[in-house]
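A.B. asks: Attaching a single structure in structure tokens format; questions to follow.
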Amino acid sequence: MLSLGICFLHRKTWSNLNWGWQIGIDLLHRRMPTIFEKICQGEIPARFVHQDDLCVCFHDVTPQAPIHLLLIPRKAIPRVEQANAEDQALLGHLLLTAGEIARQQGFADTGFRIVINNGADGGETVPHLHIHILAGRKLSWPPG
Ligand code: AMP
């Protein structure tokens with residue numbers, strides 16, 4: 001009887017510990033929305049050139065070329081290596097959309113550059129996957 005009681009108590013303590021641990025992990029994963037999530041949700045204004053169910057594209061606020069657009073997925077993927085197999089179609093959609101935007105905005109023929117700054121060394125400042133689309137001038141290579 002005593003051992004049954006101890007066993008019950010032990011299981012209850014363990015399940016409480018597990019529950020607390022799960023909450024801790026959930027809190028760790030909960031993060032502040034990025035500026036790009038706020039743009040997607042319409043909380044911060046942007047000059048949109050394209051919006052669909054999966055992504056949005058808008059003018060960069062600090063343009064580095066005559067045309068500087070940011071194309072971002074609505075899904076908050078922080079960066080490329082945090083995308084997974086489920087995101088395969090979404091990543092393909094982003095590239096196809098970049099081409100479509102280039103045609104629609106009239107710079108497909110003169111050329112453009114697409115850039116993803118990834119992580120600290122890559123120059124990323126907003127942890128929400130985004131494709132820079134730069135056009136309207138001859139861009140140099142290699143990048144700085
Ligand atoms: P990255 O440095 O690759 O992470 O790119 C972030 C880009 O977001 C920079 O080019 C910024 O100029 C741009 N940016 C930051 N805030 C805004 C905003 N509110 N609207 C448009 N572009 C923004």
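Bear in mind that the values in this text are calculations on the coordinates, not laboratory data. Model, not experiment: these values are computed from the prediction. Backbone-built Cβ (ideal geometry, glycine too); neighbour counts: all protein chains shown.
A.B. asks: Over the stretch 21-144, what is the mean sequence separation of C-alpha contacts under 8 Å (at least six apart), divided by residue count, expressed as relative contact order in percent?
C.D. replies: Dividing the mean separation by the residue count of the stretch 21-144 yields 27 percent.
A.B. asks: Once R0 is set to 22 Å, what does the formula 1/(1 + (r/R0)^6) return for the Cβ-Cβ distance between Arg103 and Ala83, expressed as a FRET efficiency to the nearest 0.05?
C.D. replies: Approximately 0.30, to the nearest 0.05.
A.B. asks: Right, another one. Within 14 Å, Cβ to Cβ, of Glu43, how many net charges do the neighbouring residues add up to if Lys/Arg are +1 and Asp/Glu are -1?
C.D. replies: Cβ neighbours under 14 Å give a net charge of +1.
A.B. asks: Around Asp52, with a cut-off of 12 angstrom between Cβ atoms, what is the net charge of the other residues, counting Lys and Arg +1 and Asp and Glu -1?
C.D. replies: Taking every other residue near Asp52 into account, the sum is -1.
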